[in-house]
Amino acid sequence: MVEVQSYIEIDNKKMTDEEFEEFNKFLNKYFIDYKELSVVNGREYDSVILKDITMLHDKTDEEGNTTYGILTILNNRNIIINGAWDVNGVPLGMTKVVENNGTEEEPDIKIKYIGEPLYPFDLALHIKHTPDIIYYDEEGDVISRTPAMQFKPLHKFSGWGEIIEY
């Protein structure tokens, strides 16, 4: 089992109480945790922890029985997986390498990531859902609002590492 944190974008859907209850059953089956971050132009952006990355795809056993994965189940809501990171915040498929090009007394630490990520991360999609940067005066009134232009993690699950842009 490989637990993974990810962002997903899906069509936002108004639900009846019964539909919402069914959707929560689905969430409990596939996700450890789930947080809606924003809804922009009818698309919902969520931060999730998948119980197991293999639950994204359909699986067929030896008897021919198929267990449908998240991508199939949420196909009618046009799901997009926008990046996937391990518990330490390292993109799946990549390895974090820490190099010290200095000395013990004066370390020169450089961190790099090698390998190819398994799930692409679309910065433009992420920024579309990133809140504006807002500045306030002493009274708490908005004095300026600037659209986000750079990567910013939008949610952090307790105990999970900070994710990086890739």
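For this structure, a couple of remarks:
- For segment 14-166, the relative contact order comes to 17 percent (Cα pairs under 8 Å, sequence separation of at least 6).
- Summing Lys and Arg as +1 and Asp and Glu as -1 over all other residues whose Cβ lies under 9 Å from the Cβ of residue 83 gives a net charge of -2.
- Coordinate range of the alpha-carbon atoms in segment 86-134 per principal axis, descending: 43, 33, 18 Å.
- Of 69, 42, 83, the one that fluctuates the most in a GNM where the chain has Cα springs shorter than 10 Å: 42
- Candidates 63, 116, 19: whichever shows maximal mean-square fluctuation once the chain is modelled as a Gaussian network with Cα springs under 10 Å: 63
- By the beta-carbon count within 10 Å of each Cβ, the least crowded to most crowded order of 130, 72, 146, fewest first, is 146, 72, 130.
- Paired Rg and Dmax values of segment 4-146, which use every Cα atom, in angstrom: 20.0, 67
- 3J(HN,Hα) along segment 17-33, derived from phi through the Karplus expression 6.51 cos²θ - 1.76 cosθ + 1.60 where θ = phi - 60°, amounts to 4, 5, 5, 5, 4, 5, 5, 5, 4, 4, 4, 5, 6, 10, 10, 7, 8 Hz, with x in place of Gly and Pro.
- Spatially near lysine pairs across segment 4-146, Cα under 14 Å, sequence gap of 8 or more or different chains: 4
Bear in mind that the values in this text are calculations on the coordinates, not laboratory data. Keep in mind the model is a prediction, meaning the values are calculated, not measured. Glycine gets a Cβ as well: all are built from the backbone with ideal geometry, and neighbour counts include every protein chain shown.
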